[in-house]
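The structure appears below as structure tokens.
None of the figures in this text is laboratory data; all of them are computed from the coordinates on show. Since the structure is predicted, the reported quantities are computational estimates derived from the model, not experimental observations. Because the Cβ atoms are built from the backbone with ideal geometry, glycine has one as well, and the counts that use them run over all protein chains shown.
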Amino acid sequence: MNTVLTQESARYNTLIRKMKDDISNFKDANRGRIVMNEDLELMGNSILNNEVPSNWAEETGVGFMSIKTLSAWIVDLKLRVEFLKEWEENGTPICFWMSGFFFPQAFLTGIKQN
């Protein structure tokens, strides 16, 4: 189960780092410090339209599967990270949020092996 927690945490950390870098680059591009490229422009348009930017989406292998709007997706991301943080700090929970996993099959395999 520790392997599942470690793998899930790594995936969420990768996503959060990607989001942080992209937002920082978008701010710099808006201030004229770097060149606004097509990816940054598309990301900005997606954010303005309350859509999850494609570079954070599940199709790119960085994000998790969802059809929610950006605002709901951010709330969902926060809840998922809190779930993993609570698991790490307080030990294995008695109840698991299956849809909160990036890769629920790994969790099910871990449960079966235990």
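The table that follows gives values for the structure above.
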| read-out | value |
| --- | --- |
| Proximal lysines relative to Lys85, as straight alpha-carbon distance under 25 Å, when same-chain residues fewer than 8 apart are discounted | Lys18, Lys20, Lys68, Lys112 |
| Estimated 222 nm signal from helices in the chain, with DSSP H stretches of n ≥ 4 weighted -39500 (n - 2.57), rounded to 500 | -21000 deg cm²/dmol |
| Compactness of the chain - radius of gyration and Dmax, Cα, Å | 16.3, 54 |
| The chain, dipole about Cα centre (Lys/Arg Cβ +1, Asp/Glu Cβ -1), debye to the nearest 20 | 180 debye |
| Extension gain (nm, one decimal) between Trp97 and Ile16, 0.36 nm per residue minus Cα-Cα | 27.2 nm |
| Leading residue at positive end of dipole, the chain (Cβ point charges), from Ala106, Ile74, Asn90 | Asn90 |
| Note, ³J(HN,Hα) from phi for the range 102-113, Karplus 6.51, -1.76, 1.60, rounded to Hz, x at Gly and Pro | 5, 10, x, 4, 5, 4, 5, 5, x, 5, 5, 5 |
| For the chain, built as a Gaussian network whose Cα springs stay under 10 Å, the top-fluctuating residue of Ile23, Ile94, Ile67 | Ile94 |
| Neighbour count of at most 11 Cβ within 10 Å plus DSSP loop: longest trypsin sites (Lys or Arg not before Pro)-free window in the chain | 34-114 |
| Efficiency of FRET from Cβ geometry, Arg31 and Thr3, R₀ 41 Å, rounded to 0.05 | 0.45 |
